[in-house]
Amino acid sequence: MPWVGVQTPITSQPEQPVGETVGEVRNVNDSEFNDTVNDSEWVIVDFWAPWCAPCKAIGPVLEAVAQEREILVAKVDTEQNTATAAQLGVRSIPALFIYRNGSIVAQKVGSMPKPKLLSWIDEVMSADDF
């Protein structure tokens, strides 16, 4: 007699909490910004523009970092989303902000190689002064 029952699909990744998407790079606009940085524990925000060569250089690095550190990377195009950039005083790009639970805990301006970016992220995420 064949076995009859409910089959549960096997997934290779655990389910993420609602609102939190780690290991992802997401384009975010002004209206989504606050929800994005508040809905995940750790978020790296990349302020960039399509014409910015250093922004283009750091883009693939941030994609790799999102996967390696299981962190959400939110990309904000400063040409299309001027309100958020102005509110945070972004004057040079690329500008990187690290948020923890909705609060800015670190920021840097300029492109950097992957090892330096990973070192900075690890230093920020391991700090105890939040």
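The values are calculated or read from the model by the stated rules, or taken from the named source; none is laboratory data. From a predicted model like this one, the values you see are computed outputs, not experimental measurements. Using ideal geometry, Cβ is built from the backbone for each residue, glycine included, and neighbour counts are taken over all protein chains shown.
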Residue in the stretch 37-48 that is at pLDDT 95 or above, exposed (fewer than 15 other Cβ atoms within 10 Å of the Cβ) and either more than 23 Å from residue 110 (Cα to Cα) or over 13 Å from the mean Cα position of the chain (by Cα) (or both) present: yes
Residue match in the stretch 74-82 (condition: acidic (Asp, Glu) and more than 18 Å from residue 25 (Cα to Cα)): yes
Qualifying residue in the stretch 70-82 (condition: surrounded by 15 or more Cβ atoms within 10 Å (Cβ to Cβ) and at pLDDT below 95): yes
Residue pairs meeting the criteria (Cβ under 7 Å; at least 6 apart or on separate chains; first within 18 Å of residue 55 (Cα to Cα), in the stretch 83-96; second basic (Lys, Arg)): 96/108
Among the residues listed as 100, 91, the single one being loosely packed, with under 12 Cβ neighbours inside 10 Å and of a type in the set (Lys, Arg): 91
Selection count, the stretch 64-106, where residues are part of a strand (DSSP E or B), out of contact with any Asp or Glu (no Cβ under 6 Å at 6 or more places or on another chain) and among the basic types (Lys, Arg): 1
Contacts under 8 angstrom Cβ, first residue in the stretch 31-58 being within 9 Å of residue 94 (Cα to Cα), partner acidic (Asp, Glu), 6 or more apart: 48/77; 49/77; 49/79; 55/46; 58/46
